[in-house]
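Since the structure comes first, as structure tokens, the remarks are kept for the end.
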Amino acid sequence: MDEYLATLTDPKDKILAKRMHQIISAVLPDAEVRLSYGLVGYYQPKQVCFFGINKQHIGFYPTNKPIEHFEKEIAPYLSGKTTLKFPKSEGGIPEKLVQEIAVWNLNH
């Protein structure tokens, strides 16, 4: 995580990255966290999810498996086939949804 934080220049982006990490780590405490394709990835042991802070949004990448299962819940955030975009504010992160998707993906 420190390696990813070092790539961020905006202090607000660092805060958002730390918050996303807290949200995901709360439900995946045993996950290995590593950088993959410039994103923060969570593996337990398989790929569970990824996130990255972008210029205009927070990108959450839960892989393709949970997309259909959470179709209604993710509709406001879905961009492309497997990318969820959240507003760049702590209040803009749907914490419960992120956690539900991570846990579902871990178990399926």
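The single condition among (1) closer than 17 Å to Met1 by Cβ; (2) in contact with a strand residue (DSSP E or B) (Cβ under 7 Å, 6 or more places away or on another chain) that Arg19 does not meet is (2). Selection of region 1-42 for residues being hydrophobic (A, V, I, L, M, F, W, C) and at pLDDT below 95 yields only Met1. Checking each residue in region 70-81 for being surrounded by 16 or more Cβ atoms within 10 Å (Cβ to Cβ) and under 14 Å from the mean Cα position of the chain (by Cα) picks out Ile74, Tyr77. So in region 11-32, with the set limited to residues that are within 20 Å of Pro87 (Cβ to Cβ) and without any contact (Cβ under 8 Å) to a residue 40 or more places away in the chain, which one is surrounded by the most Cβ atoms within 10 Å (Cβ to Cβ)? Here the residue is Ala17.
Only one entry of Ala17, Ala31, Ala26, Ala6 meets the criterion of being of a type in the set (A, V, I, L, M) and under 12 Å from the mean Cα position of the chain (by Cα), and that entry is Ala17.
One line per residue, one yes/no per condition, for (1) within 17 Å of Asp2 (Cα to Cα); (2) assigned to a strand (DSSP E or B); (3) open to solvent by 20 Å² or more (accessible area, probe 1.4 Å):
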site	(1), (2), (3)
Arg34	yes, yes, yes
Pro45	no, no, yes
Lys55	no, no, yes
Phe60	no, yes, no
Glu68	no, no, yes
Leu84	no, yes, no
Ile101	no, no, no
Trp104	no, no, yes
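The values are calculated or read from the model by the stated rules, or taken from the named source; none is laboratory data. Remember, it's a predicted structure, so these values are computed and weren't measured experimentally. Ideal geometry is used to build each Cβ from the backbone, glycine not excepted, and the neighbour counts take in all protein chains shown. Areas reflect the complete protein model, heavy atoms only, side chains present, ligands, DNA and RNA absent. Shrake-Rupley method; radii C 1.70, N 1.55, O 1.52, S 1.80 Å.
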